[in-house]
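No value in this document is a laboratory result; all are computed from the given coordinates. Just so we're clear, the structure is a prediction, and the values are computed from it rather than from any experiment. Because the Cβ atoms are built from the backbone with ideal geometry, glycine has one as well, and the counts that use them run over all protein chains shown.
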Amino acid sequence: MNPSLDRARLVLLLLLAAMLAVGLWAYRGVGASLRDIRATGLQTLLDTQVEALEQWIAQGRNEAEQLSADDELRASIAGLSRRGPQKGDGNHVIGHILQKAGGIGITAAHIIDPQGGILASSDTTRISQGVTPDFFAHLSPALGGRSVFIRPYRSGSGAGPGLLGRVWVAAPVRADGGRVIAIIALGSPAGERFAALFRTARPGRTGEALVFDAEGWLLSESRHADDLRQRGLAHRLVMPETETLTRLAAAASTARMRSAGERQGLLLAPYANYLGNDVIGAWRWLADHDIGVAIEMEAGEAYAPLTYLQIGFAVVLLLMGAVWLSGFLPPQTLASLLRREGQARQLGPYRLIRQIGEGALSNVYLAQHRMLKRPAAIKVLKPQTTSDEWTARFQREVQSASQLGHPNTITIYDYGTGPSSEFWYAMEYLEGLSLSDLVERYGPVPPSRAAWILRQACASLWEAHASGLVHRDIKPQNIMLCDIRGERDVVKVLDFGLVKQMSGEQTRDLTSTLRILGTPLYMSPERIRHPGDADARADIYALGAVGYYLLTGKRLFETETEHDLIYQVLHTVPPLASERSPFTVPVELDALIGRCLEKDPDRRPQSMAEVASALDAVLVYQPWTRQQISAWWEKNWIAEDHPERRFAVR
């Protein structure tokens, strides 16, 4: 042993330990300071937003109170109250009110008697009718002599500012003796000045100001409205594709139920928002108005300085570790460790190359088999979704798809768990685009090509049905059009996560959570009424809806709310595809699509074999040729390294 060398090593170890201690102390101090700064900033923004909202409400109530105190208006309204509602009798009163209040965005007005009857209205069809019991209940403070604000309510259960009604302010009209003889109610579209209050208060690149009700429905416009529409998510503060309120909305809902105590809070630890992104936020529940107000910002932007500090601290730790290794380990051991650190991430026999897609539940990576050098797509379940239900769905997707071997069904190579217990499976790597991308980029598809695509999808589902499996999630996003080693326009059916066996142990759905998954636009009526009883004819309906979309470039039903969509699916017969397509659709194909979309499953084709036979007949007289295929791909397909060239993933 060398005593001098041992002392040097001891001194080095003590120096490294001291540097590490100082670094941890500085890191924690900076982190705490940054959180304090963010807390102050969020609280200030929230206070400012609430104050702006209160001032806007006060302005509206003041306008209503001034109008109710106008002597000329009071006399006219008193006359209306005595005579009762008569057609045209109150038009001049309403006109005067709208002229006076138009400057603050008022577009509607009612004169309401103390029993809830409408004496006069800007909507003349409402005269002599009563207001709804719910609306009348919110007018009770006005009957008691105080002006009142009434928040907007949604007309359905879907998503989007277009579903919101009006924001109302109301004030009592008194007779000379002080008795309330009527109520003036002033309405303003919620999507205009009310929503504008929150559009202008969006901090940074990702921050937004929100107003919401007790069930988490947004009453203001989301900054991420386009993302919500593209992903088919509701404008509601719930976890994506679930009914679970986000942490912020749950906290506000709980505070609403309390009779006393604080009704506001700061959430500085990152949590998932309604898009599944990690955010921080501040909220306050306004009991007088029955609404919540919140400020949210993505954690990555809010704590960006801390992220840079983390990176720097990690680099310092690595350098310190390298110094320690160089002083205490033999050169051969150090070299071995460095080689191991340089290896790429491995899942089973696959080496991950890069991420090529991301969904709400999983990430997809381009990978290569270590021995075969074959490319593959690896789908990895995200850690936050590894509940028993989602793991069971993930396993069922793999096991079901692996039973199938048709060329038009995606091929599953392998399945397993990674070093961190993450679930993954390997499938063939596909170059192409989904049918939804095809129509969005290039418009409706000619009938011959639509028949060609449907015939291949039909072949995949034919095999699945013969194996006792119903896909249950056929939609344009789950069907890809691929270029497979020079063979173009090859269809691949994806995502068997909602597959159901028509007999056997897996006949029932896994959970009630899984039952609601799927796209209502492509669900058959019986799937909506009895989700667990759907058979192969549900896939035939969905394939017909996909064919309709290919031919027309339009959704089967154009609605604003999911409630309306479900009603249309159950009760409304859609127009023929030929009536909405820019192409001349062959009668046989038009009739086949119409039969597939029958509400009664007994009136649809009873098997995929029957559908395939009809499509074959169409292709005999109107084929989609190899020359047409080659011409389309040469003209329209984009280069492999183009940023829009991506793998479709849920």
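Based on Cα atoms of the stretch 344-429, Rg over Rh with Rh as the Kirkwood radius reads 0.94. Of the peptides 584-590, 475-481, 566-572, the order by per-residue mean of other Cβ atoms within 10 Å, starting with the highest, comes out as 475-481, 584-590, 566-572. Taking all pairs of distinct Cα atoms, average 1/r, flip it, and tell me the Kirkwood hydrodynamic radius of the stretch 48-193 in Å to one decimal place. It works out to 15.4 Å.
Reported to the nearest whole Å, the Cα centre-to-centre distance from the stretch 550-604 to the stretch 35-70 is 48.
What are the membrane-span-like helices in the chain by this rule: whole DSSP H runs, Cα extent along the axis at least 30 Å, mean Kyte-Doolittle hydropathy at least 0.5? Sorted by number, the helices that extend far enough and score high enough are 304-328. The calculated FRET efficiency for Gln355 paired with Val587, based on their beta-carbon distance and R0 = 56 Å, is about 0.75. For the peptides 49-59, 441-451, 534-544, residues were scored by their other Cβ atoms within 10 Å and the scores averaged per peptide; the highest-first order is 534-544, 441-451, 49-59.
For the stretch 86-138, the orientation-averaged shadow of the C-alpha convex hull comes to 3.9 nm² (one quarter of the hull surface). Other residues lying with their Cβ under 13 Å from the Cβ of Ala577 contribute a combined charge of +1, Lys and Arg counting +1, Asp and Glu -1. A simple spin-label model places the labels of Leu98 and Ala175 3.0 nm from each other, with each point 7 Å out along Cα-to-Cβ. The separation of the stretch 275-322 from the stretch 113-137, counted between C-alpha centres, amounts to 48 Å. Full extension of the chain between Gln346 and Asp602 gives 87.2 nm of extra length, using 0.36 nm per residue less the Cα-Cα distance. Normalised by the number of residues in the chain, the mean separation of alpha-carbon contacts (under 8 Å, six or more apart) gives a relative contact order of 10 percent.
Here the ratio of the Cα radius of gyration of the stretch 432-636 to 2.2 N^0.38 Å is 0.99. Could you tell me which of rounded, prolate or oblate describes the stretch 575-618, using a ≥ b ≥ c as the square roots of the eigenvalues of the alpha-carbon gyration tensor, with rounded for a/c under 1.5 and, failing that, prolate when a/b is larger than b/c and oblate otherwise? The shape class here is oblate. Per-peptide packing, taken as the mean over residues of other Cβ atoms within 10 Å, places 411-417, 188-194 in the sequence 188-194, 411-417 from highest down. Shape annotation for the chain: C-alpha extents along the principal axes are 103, 87, 49 Å, from largest to smallest. Applying 0.36 nm per residue to the separation of Ala250 and Thr391 and subtracting their alpha-carbon distance, the gain on full extension is 48.2 nm.
Ranking of Asp123, Asp564, Asp226 by neighbouring Cβ atoms within 10 Å, starting from the fewest: Asp226, Asp123, Asp564. Taking a ≥ b ≥ c as the square roots of the Cα gyration tensor eigenvalues, the stretch 202-302 comes out prolate, since a/c reaches at least 1.5 and a/b is larger than b/c. In terms of other Cβ atoms within 10 Å, Ser362, Ser33 run from fewest to most in the order Ser33, Ser362. Of the residues Thr40, Thr244, the one with the fewest other Cβ atoms within 10 Å heads the list, and the complete ranking is Thr40, Thr244. Semi-axes of the equivalent ellipsoid of the stretch 133-280 are 33, 18, 14 Å, computed as sqrt(5λ) over the eigenvalues of the C-alpha gyration tensor in descending order. Taking Cβ atoms as reference points and 12 Å as the exclusive limit, the residues near Leu481 contribute a net charge of -1, counting Lys and Arg as +1 and Asp and Glu as -1.
Stretching the chain fully between Arg205 and Glu262 yields a gain of 17.5 nm (0.36 nm per residue, less the alpha carbon separation).
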